[in-house]
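Data block below; observations after.
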Amino acid sequence: MNWSLALLTLLHLLVPIYWLGGDLGTFYSAGFMMDEKRPVGERLLALKIMNGIDMAPRTVLILTLPTGLSLAAAKGWLAIAPWALAGLWVFGLIWLTLAWAVHLIHGPRGALARGIDIKIRYAMIALLAGSGVAGLTGHLAMPFFIACKLLVLAACVTTGVIVRFQLVPLFPAIAAMKAQGATPQSDAAIRKVLGQTRPTVQCIWVLVLIACVLGVGTPV
């Protein structure tokens, strides 16, 4: 048995599991945070749970590319030099560290990490989309399903960036609720923001399922 191949396969399979599971947990917790009948303390606890669970999909999003390309190289679907794969893993771990810094460091102290992280995401969208299109048009040698998965991943990163901008008005509403308690204004702002993000997050679920179908229906 090829244990390294089995481990890579397992790691790549865990991506959609933690992605969809984490998103569903966040989605469910959001209902408690929006519930105006609950005490502010409970709603803030639900928010804390949401933020914690949400790091699961954020983490596996970043690990999707190194695990996927390593698996593709191991199965002979892509010709990638070992040094290139090693560099990809180093980059992925650095980006992952940065993403966790964004999660843990709030306010002005986290501005630099947030700025670098969003620039990386823009670059990754361009790189993934460009590589996917190049694969589909024959300018890069890769199987059809991998080219499609690169495009799907580009769409996932794009949709995640959209969610990030949709959530911006949520932070002052939460700050107001912490300082003054729940008010009709803060409750309305929270409902509006989470209502706007709901279809965007559901779009990500569809994209992840499409990627799973491409992976399972695979290899040609």
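The values are calculated or read from the model by the stated rules, or taken from the named source; none is laboratory data. Values in this document were obtained by computation on a predicted structure and should not be read as measured data. Positions of Cβ are backbone-derived with ideal geometry, glycine not excepted, and every protein chain shown enters the neighbour counts. Note: accessible area is taken over every heavy atom of the protein model, side chains too, but ligands, DNA and RNA are not part of it. Shrake-Rupley method; radii C 1.70, N 1.55, O 1.52, S 1.80 Å.
Does R43 satisfy the criteria of being charged (D, E, K, R), touching a residue at least 40 places away in the same chain (Cβ under 8 Å) and within 17 Å of L207 (Cβ to Cβ)?
Numbers: charged (D, E, K, R): yes; touching a residue at least 40 places away in the same chain (Cβ under 8 Å): yes; within 17 Å of L207 (Cβ to Cβ): no.
For R43, the condition - charged (D, E, K, R), touching a residue at least 40 places away in the same chain (Cβ under 8 Å) and within 17 Å of L207 (Cβ to Cβ) - is not met.
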Exercise for review: Could you tell me which of the residues L61, L71, L11 is open to solvent by 30 Å² or more (accessible area, probe 1.4 Å), part of a helix (DSSP H, G or I), within 19 Å of K149 (Cα to Cα) and touching a residue at least 24 places away in the same chain (Cβ under 8 Å)?
Suggested key: L11
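Looking at W77, W83 in this structure, which one is free of Cβ contacts under 8 Å to residues at least 60 places away in the same chain and aromatic (F, W, Y)? Break it down stepwise before answering.
Details: W77 fails: free of Cβ contacts under 8 Å to residues at least 60 places away in the same chain.
Among W77, W83, only W83 is free of Cβ contacts under 8 Å to residues at least 60 places away in the same chain and aromatic (F, W, Y).
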Study note, to complete from the structure: Here the residues within the stretch 161-178 that are open to solvent by 30 Å² or more (accessible area, probe 1.4 Å) and within 21 Å of L65 (Cα to Cα) are I162, R164
Check your understanding: How many residues are of a type in the set (V, I, T) and farther than 21 Å from V161 by Cβ when one looks only at the stretch 191-220?
Key -> 4
Review point. Among all residue pairs at least 6 apart or on different chains, which show Cβ distances below 8 Å where the first residue, located in the stretch 87-99, is without any contact (Cβ under 8 Å) to a residue 24 or more places away in the chain and within 17 Å of A113 (Cα to Cα) and the second is open to solvent by 30 Å² or more (accessible area, probe 1.4 Å) and of a type in the set (A, V, I, L, M, F, W, C)?
Key: L98/I116; L98/I120
Study note, to complete from the structure: Expected single match for crowded, with 18+ Cβ neighbours inside 10 Å and either touching a residue at least 12 places away in the same chain (Cβ under 8 Å) or within 18 Å of A129 (Cβ to Cβ) (or both) among G181, G215 is G215
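Quick check: is even one residue across the stretch 87-110 at negative phi, among the hydrophobic types (A, V, I, L, M, F, W, C) and assigned to a loop (DSSP other than H, G, I, E, B)? Reasoning before the result, please.
Step one: filter the stretch 87-110 for residues at negative phi, giving 87-106, 108-110.
Filter once more, keeping what is among the hydrophobic types (A, V, I, L, M, F, W, C): 88-91, 93-96, 98-102, 104-105.
Now restrict to residues that are assigned to a loop (DSSP other than H, G, I, E, B): 105.
Yes, the stretch 87-110 contains at least one residue that is at negative phi, among the hydrophobic types (A, V, I, L, M, F, W, C) and assigned to a loop (DSSP other than H, G, I, E, B).
Looking at this structure, is S131 buried (at least 18 other Cβ atoms within 10 Å of the Cβ), closer than 30 Å to L214 by Cα and hydroxyl-bearing (S, T, Y)?
Working: buried (at least 18 other Cβ atoms within 10 Å of the Cβ): yes; closer than 30 Å to L214 by Cα: yes; hydroxyl-bearing (S, T, Y): yes.
Spelling it out, S131 is indeed buried (at least 18 other Cβ atoms within 10 Å of the Cβ), closer than 30 Å to L214 by Cα and hydroxyl-bearing (S, T, Y).
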Check your understanding: Looking at the stretch 14-46, which of the residues that are acidic (D, E) and not in a helix (DSSP H, G or I) is most open to solvent (accessible area, probe 1.4 Å)?
Key -> E36
